[in-house]
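Undergrad: Before I ask anything, let me first share the structure, which is written out below as structure tokens.
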């Protein structure tokens, strides 16, 4: 299997680390930042014993089996379009709603060529969509999905987090999209211990866009991100200092409410990990699955994955731990009103 | 002035008495004894 990886930032480096441990014959690495490329490639080569590591941009004339796009937001749609047309499977970790929409618009092109374009294959969206799908599969129908995320990956992820907090986002409410002001809608979300509780707010997050395609009959789909008072105060300004190299650890909480028989049930799943590590693992595992022909054809988020349990099992073997919150079930299961 | 002080003391005394009644006779209930975060294992994924 020949893979190409574009973007060698914090998450991209973790993707490379995962890919060189897999049955890959050739791994092509590229980053627009030449110094970063010169720093990361020798480090990858030093530990990649069975993989030929080359450098260079993905070439439509000689397409790789799978192209993983892990660069900053705004750099995914154009190469995705050209490489899908060239016959590669694509995995993108972009979490920008506008770019996610652009990537989803390549659905027809990917289907015509029987290729998979996996959109939002990171921590959130990515693992968040997989948890939502896993929870939804336990129910007969889905009514409400709420996604909460905390923490960031590398500096590019932190900048996107900052932008998202000041930008308006969309919630799916009763069959339509409702514009929500960024930084509004404070909600205290409890993540798995020891991460604990964080105040979360609305923002320009792409999980609802990806989840609504899989759950079109859901009444409400929303996403929130954690932020401190300082984050909210300074979100309208440029970032006052350079982001951390790794903004982890972070957390995920996904609540899915729906019906199971005549009862209304709420399933709560969560995870805590470094978003760059977990997101990189999700991207690498989905890229290998796409290369093996196990990803759904067309442009889809991970919620559309045909075998979510198998994917969660693969992530678990890579060290990604997921937890469910089990409350007092006799209180949570409420008989529907007549 | 004395009337005001008497009224303030009466109000504080009454508040304290009511608080003491709630404190002594009220029931805080029992916090949840079950539930919590539980790791999803391989058995849950088969």
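The values are calculated or read from the model by the stated rules, or taken from the named source; none is laboratory data. Bear in mind the structure is a predicted one, so any value in this text is a computation, not a measurement. Glycine gets a Cβ as well: all are built from the backbone with ideal geometry, and neighbour counts include every protein chain shown.
Undergrad: Would region A:193-208 turn up any residue that is touching a residue at least 24 places away in the same chain (Cβ under 8 Å), within 14 Å of another protein chain (Cβ to nearest Cβ) and assigned to a helix (DSSP H, G or I)?
TA: no
Undergrad: Please find, among A:276, A:271, the residue that is under 30 Å from residue A:20 (Cβ atoms) and in contact with a strand residue (DSSP E or B) (Cβ under 8 Å, 6 or more places away or on another chain).
TA: A:271
Residues checked against (1) touching a strand residue (DSSP E or B) at 6+ places or on another chain (Cβ under 7 Å); (2) closer than 27 Å to residue A:111 by Cα:
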{"residue": "A:50", "(1), (2)": "no, no"}
{"residue": "A:61", "(1), (2)": "no, yes"}
{"residue": "A:69", "(1), (2)": "yes, yes"}
{"residue": "A:72", "(1), (2)": "no, yes"}
{"residue": "A:76", "(1), (2)": "yes, yes"}
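Undergrad: Same structure, new question: Can you tell me which residue among A:276, A:223, A:271, A:299 is assigned to a helix (DSSP H, G or I) and surrounded by 13 or more Cβ atoms within 10 Å (Cβ to Cβ)?
TA: Result: A:276 is the single residue among A:276, A:223, A:271, A:299 that is assigned to a helix (DSSP H, G or I) and surrounded by 13 or more Cβ atoms within 10 Å (Cβ to Cβ).
Undergrad: Before we move on, is residue A:251 touching a strand residue (DSSP E or B) at 6+ places or on another chain (Cβ under 9 Å), in the same structural domain as residue A:149 (by TED's automatic domain parsing) and either farther than 23 Å from residue A:227 by Cα or outside any strand (DSSP E or B) (or both)?
TA: In short, no.
Undergrad: Can residue A:337 be described as away from chain B (no Cβ under 13 Å) and at pLDDT below 95?
TA: Values: away from chain B (no Cβ under 13 Å): yes; at pLDDT below 95: yes.
Here the answer is yes, as residue A:337 does meet what is asked.
Undergrad: Any chance you could count how many residues in region A:199-213 are over 17 Å from the mean Cα position of the chain (by Cα) and surrounded by fewer than 21 Cβ atoms within 10 Å (Cβ to Cβ)?
TA: Number satisfying all stated conditions: 1.
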